[in-house]
Amino acid sequence: MKNILLLILFFLLGAHFVDAQPIRKSSYEMTLRAAREAYATQDHVNALDRYVEAYEEKQDRSLLDTIAFLQFRVRDYRSAERYFARILRRDKENKLNDYRYVYGQLLKMNEKYSEAIDELQKFLATASGDSIRTLTKNAITGAELAQELPPNLKGVTVENAGKSINSKTSEYTPSVSGNGKEVYFTSRGVDDVTYVDLEGDGKDEDGSYAKVFVAMKDDTGWEKPKELGGEVNRQKIHNSNVAVAPDGRTLFFTRAALEGNVLSESKIYYSSGGSESWKGAEEVKGINGDYVAKHPAPGELFGKQVLFFSSNMDGGYGGYDLYYATRLSDGEYDDPVNLGATINGPGDEETPHYREGTLYFSSDGHPGLGGFDIFYSIWDGSSWSAPLNMGRGYNTSVDDYGLTLDKEGYFGMLASNRPGGKSAYGRTCCDDLYQVDIDRVVVDLLVGLFTDAKKPLTGGTVHLVPVQNNKVGDPTSQSTGDDSNVTGFDLELDMPYMVIATHPDYYPDTVQFNTVGVTESTSYEERMYLSPKPVPPPVPEYDTITLEEPIVMENILYDFDDDRIRDEAESDLQYIYELMTEHADMKIELSSHTDKEGNDDYNEDLSQRRAESARRWLVRKGLDRDRIVAKGYGETQPQTVNARNAALHDFLNEGDVLTEEFVNALETEEQQDVADQLNRRTEFKILEGPTTITIQTTRLRKKESTKDSNDRGSMIGAALKGQPVMQFNERLVDFGKVKKGEKRRYTFDFVNTGNADLTIDLISACDCTSFVSDPSGETFKPGEKGKIEFIFDSSEKEESEVIDIDIFLAQNDKNGNPIIEMVQYKFELVK
């Protein structure tokens, strides 16, 4: 057949390349044979079209698998998702779990992140092999990251470079000159279909091969790109993956060959001279070999010039890894060196770009928002930092790669197949170039706190609150610290702000200002003067309490959704232990109370667990369990304000009852938080024994070092301080009624939601608890999940009980103490 219509679509030569041919109506057998032949030569678009035609004619379900995978390969993600969903719905016996990994990736690339997480977790449950499990875990982490990231990256604008550069086929691997006025890139260079003589060499000379182009930028935008001459663009071979050196005098690129749509050969070349007169290209010595070498990028390491590149040579960590080779002379380099496991993983790492100690690259193996995402890593002179995702704007749910920046770092380009670009086959088949503009204007605020006597005031907190269109945004809070009275903020342009300064012993102060109309970098300074609050009356050292009189223990606090006794609480419990040891006939009630947050059942259950946790502490010290009644009241017994609290908080009066209605009626959120803190309390009262006792009340007052957890956000606070956070799906499981001798099996799932590694040293429980899955000695990175599976044997139990499982971590808290986590299970013994 001659002069067949051939539509060539480029995916990133060496990463994404597609070509397509329309098909003519034929018999089913001929169509299927043509589909198989196209598939065998990896001509995926033609194969897909013919398989679809064959399926439409015969409705042969055996073709669906091939069609689904081909849809994925040509990056028609929406169609591929539908086909994979149909296939998996028929898989009643779960024999196609491997398909679920691709299906999960497709859901992710179509921004259905919750569904993607579910499918990937199902796949992970049965997947074997370290590489695929790592890829799956990273894919799940990336989907979770996508759910948390803001929709836009502040200060960065990413826009399509426009039709003067982008065609309906792909443009990719941009390289911006140092002055930002030129961009080199790869393209087919035409915007329509091309007729090809397939009886000849299979490629025409003026449109079917990738070529290197350059476009100039003036005040009106990008001029029409120009194809580089024969010194760079050799005929009948793909010239691509271009990178211009910072001085503009050396051009690196690859010459490559394809088998179907798959890169079979690629070597790195260079040309010198500059944009006015590029010289004949020569093959780079020392780098190329019997493998694919692509995406060259000049840089510097250890004080020497190097060339970064991507390759699938043996000995790597995944498919394509990033390497560097040290420059020996013009066009000659030392042996390639792998950048190591910090940068390279089980996926593909490609399109490196180095600028002033930072390496930018794309990867489909690190946690990303979609397919290929752009990451960066910082070189400290001896090692690379852990790669970080560049975030939305730079990245989307599909493929984003090839970020390149000019000398100043405020302008750049990247390639992406994100929806909205020009595309000849579906909405995401082809890559466009996108222009990246980074804000230059920097506006900040410096705030100093002073007393009304104009003395520096340390230990305060400043809240920066954006106010736009009469709507108050989320505040950003900064502490001055105990040794300073100054703190600062970075500000957005064209934004009104309210600044609130607070201090525990002073009334707040508020100022307002805005950055509207600011056109150059500006530093604002604000001096804020706070007036002192009245000093509360002194607390009597001793007090006499009687039967049924509740006493608040101010140091017994708990973290959010947690019943574990914190270190600060032990002083209060120790004092109760001493009192009960002194009065051997005394029986007490330990009661726990919550605020209005959460529903009634939840609060009652949480408060009961907290009261029982305090009782267990005392029982472990040797007290008889029967002498202590643990009772959780939830929010049913709101606090009544006493004289001391009324003096501490001027908006409260002695005798006020802090009901939900009362708290909600308070004027400010800060006042409501204070009232909630007062309601969150643990009390004890004498039920039996001495009718009166004298207590040292100062031992039960809140210590200065005690921080109220506020029942919310303490885990976030720990993460901000560089600590691991072990978050469980639940911390208490109720086995219900258990006959003596029966066994129960359960798994506690957890995730490290902090930003530091979590290493489990030891897991301890009673002899009745045996562990099926014990992660002791294992380390969990931030975002990684784990499980603790155990079997409870009731054979030796004589009564109902709550059993603790203590988990000792290798890491310490902010005070240097070992971190100890706890989960529990309870049962009602039936003999």
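The accessible area of Val511, taken with all protein chains in place and a 1.4 Å probe, comes to roughly 30 Å². Normalised by residue number, the volume inside the convex hull of the Cα atoms of the chain is 204 Å³ per residue. For Ser175, the solvent-accessible surface computed with a 1.4 Å probe is close to 10 Å², ligands and nucleic acids excluded. Relative to the current alpha-carbon distance between Gln305 and Glu148, full extension at 0.36 nm per residue lengthens the span by 52.6 nm. Once the Cα atoms are used to define both axes, helix 44-58 deviates from the longest principal axis of the chain by about 80 degrees. Applying D = kT/(6 pi eta Rh) to the stretch 413-485, where Rh is the Kirkwood radius over alpha-carbon pairs, T corresponds to 37 °C and eta to 0.692 mPa s, the Stokes-Einstein value obtained is 190 µm²/s. Taking a Cβ cut-off of under 15 Å around Ile438, the surrounding Lys, Arg, Asp and Glu residues balance to a net charge of -3, with basic ones at +1 and acidic ones at -1. For the stretch 354-425, the solvent-accessible area of protein heavy atoms averages 31 Å² per residue (probe radius 1.4 Å; ligands and nucleic acids excluded).
In this simple spin-label model, placing a label point 7 Å from the Cα along the Cα-to-Cβ direction at both Glu492 and Val619 gives a separation of 5.3 nm.
Each stretch of four or more DSSP H residues adds -39500 (n - 2.57); spread over every residue of the chain, this sum gives -6000 deg cm²/dmol at 222 nm. Seen from all directions on average, the stretch 253-388 presents a Cα convex hull projection of 9.1 nm².
Per residue, the convex hull spanned by the alpha carbons of the stretch 28-172 comes to 160 Å³.
Ranking of Val830, Val442, Val398 by solvent-accessible surface, largest first: Val442, Val830, Val398 (1.4 Å probe, protein heavy atoms only, all chains present). Solvent-accessible area assigned to carbon and sulfur over the chain amounts to 46 percent, based on a 1.4 Å probe. Counting only alpha carbon atoms, the long axis of helix 669-679 and the longest principal axis of the chain meet at about 50°. Assuming R0 = 51 Å, what is the FRET efficiency of Glu283 and Arg89, from their Cβ-Cβ distance, to the nearest 0.05? In this case the efficiency is close to 0.45. For the stretch 221-332, the orientation-averaged shadow of the C-alpha convex hull comes to 8.8 nm² (one quarter of the hull surface).
Over all other residues within a Cβ to Cβ distance under 12 Å of Arg355, the charged ones net out to -3, with Lys and Arg as +1 and Asp and Glu as -1. Among the GluC sites (Glu not before Pro) in the stretch 24-122, those located in a DSSP loop and surrounded by at most 10 other Cβ atoms within 10 Å of their own Cβ are Glu93.
Considering all different alpha carbon pairs of the stretch 47-133, the Kirkwood hydrodynamic radius works out to 13.5 Å.
The values are calculated or read from the model by the stated rules, or taken from the named source; none is laboratory data. Note that the coordinates shown come from a computational prediction; the quantities given were computed from them, not determined experimentally. Every residue, glycine as well, gets a Cβ built from its backbone with ideal geometry; the counts of neighbours run over all protein chains shown. The accessibility values were calculated without ligands, DNA or RNA, using every heavy atom of the protein model including side chains. Shrake-Rupley method; radii C 1.70, N 1.55, O 1.52, S 1.80 Å.
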